[in-house]
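Participant: Dropping the structure in here first, questions after.
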Amino acid sequence: SSRTYIARKVTRRLLGSSATPPRSEDALTLSAVIADRSAADVQALLEPTLVPSPSLCMFGAESDVTQLQHVLVSRVLITNHDILPQPAHFTRLNRMLRLPNVSPDRFLRVHFSRCTEARKRLILNRGLRIGGRYYEFLAYTKNQILAAKCWFFAPDARLDASALRRTMGDFSRISAPHRYASRLGMSFSDSIATVQVPWSQVDEIPDIIAERHNQTYCFSDGVGQVDSTLAAALWRAISIAEGQTNVRPLPAKRCPCAFQIRFAGYKGVIVVNPRMRSQAPPAIRLRLRGSMRKFDAPQHTTLEVMRWAEPAAGIMTR
């Protein structure tokens, strides 16, 4: 498994190529290997191993720039009495891990296990130090908060966690703390970077709203449109990315009819509209709804795909 591979690789790096790698998948095996090592050796463990992935280019243009789709992210387990480094985990990249001037090894995934509230508050407020590097709290996603997990970041003189949060977008109009945290978590959703869509090809259209019996109903909440040309470009990028990680590549000719996306400060689903060319200006390729805009982030123009429409097994109840 990936955990065994990581443990063996790190053991060879620390003890030398002639060392016998551990066969246990337990994180304690790795902890025992590095127990007597220096901070510099432990820091070497936190260096990521990057996996190549498809090219990322402007829509309609070619590019030879190779991006990365997966990375090894360091993890740590926090208990009431210990701080236990865990084997790094292969993670699909998200918007923050793709930042060009920020190394992925500065991110840390923290898991609190059976900790008291006082212990959690102390770590979140003061941060933690591992391998001679200081980490401070950054953000969390909805799924992470349910599992007592979050993201930490190693600051330097140029960039700290507060400055990194400002690069995510403009959250000045969000006053509720829970909504602010939720919007920050959008930048950490696992996704596939496909193509960059310039704002000249994007249009925001109004939602379909109806009122009845003093109730307002939105029939297009979180659902935008994409033309068939851009949808085909998205599917080509996804097929390349999935072909590198799956045994069987995805069929390039069977373009899905819907994609779950992140784009700038928008989130939701876009569906393929074959008649979009006749309904919108010729330059428009992507139509987003006002209900999809959660915050302003005009600098992030890469269309990130999380999921897409595909056949799934169903279960019929008796």
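What follows draws every value from the coordinates through simple rules; no lab data is involved. Please read all numbers here as calculations on a predicted model, not as lab measurements. Neighbour counts run over all protein chains shown; Cβ positions are idealised from the backbone, glycine included.
Participant: Mind listing the long-range amide H neighbours of residue 205? Cut-off is under 5 Å, sequence gap 5 or more, other chains count too, H placed in the peptide plane at 1.01 Å from N.
Facilitator: Excluding prolines and chain starts, which carry no amide H, the hits are 288, 289, 290.
Participant: Using only the Cα atoms, work out Rg/Rh for segment 193-308, with Rh taken as the Kirkwood radius, to two decimals.
Facilitator: My calculation of the ratio gives 1.01.
Participant: Now for a separate question. Which whole-Hz couplings ³J(HN,Hα) result when phi for each residue of segment 72-79 is put into the Karplus expression 6.51 cos²θ - 1.76 cosθ + 1.60, θ = phi - 60°, listed in order with x for Gly and Pro?
Facilitator: 7, 10, 5, 9, 8, 10, 10, 10
Participant: Quick query: amide H of residue 148 versus all other amide H atoms, modeled in the peptide plane; which residues come in under 5 Å with a sequence gap of 5 or more or a different chain?
Facilitator: When sequence neighbours closer than 5 places are left aside, there are no close amide H contacts.
Participant: Mind pulling up the Rg/Rh value for segment 160-238? Radius of gyration and Kirkwood radius, both on Cα.
Facilitator: Expressed as Rg/Rh, it is 1.05.
Participant: Then there's this: When each pair of different Cα atoms in segment 92-236 is counted once in the 1/r mean, what is the Kirkwood radius in angstroms, to one decimal?
Facilitator: Evaluated on segment 92-236, it is 18.4 Å.
Participant: I would also like to ask the following. Within 10 Å, count the other beta carbons around each residue, average over each peptide in 207-217, 137-147, and list them highest first.
Facilitator: 137-147, 207-217
Participant: Here is a further query. Which peptide among 307-315, 228-236 comes first, and what is the full order, when sorted by highest mean count of other Cβ atoms within 10 Å?
Facilitator: Output ranking for 307-315, 228-236: 228-236, 307-315.
Participant: Can you find, among 311, 269, 223, the residue sitting farthest towards the positive end of the charge dipole of segment 194-318, where Lys and Arg contribute +1 and Asp and Glu -1 at Cβ?
Facilitator: Most positive-ward Cα: 311.
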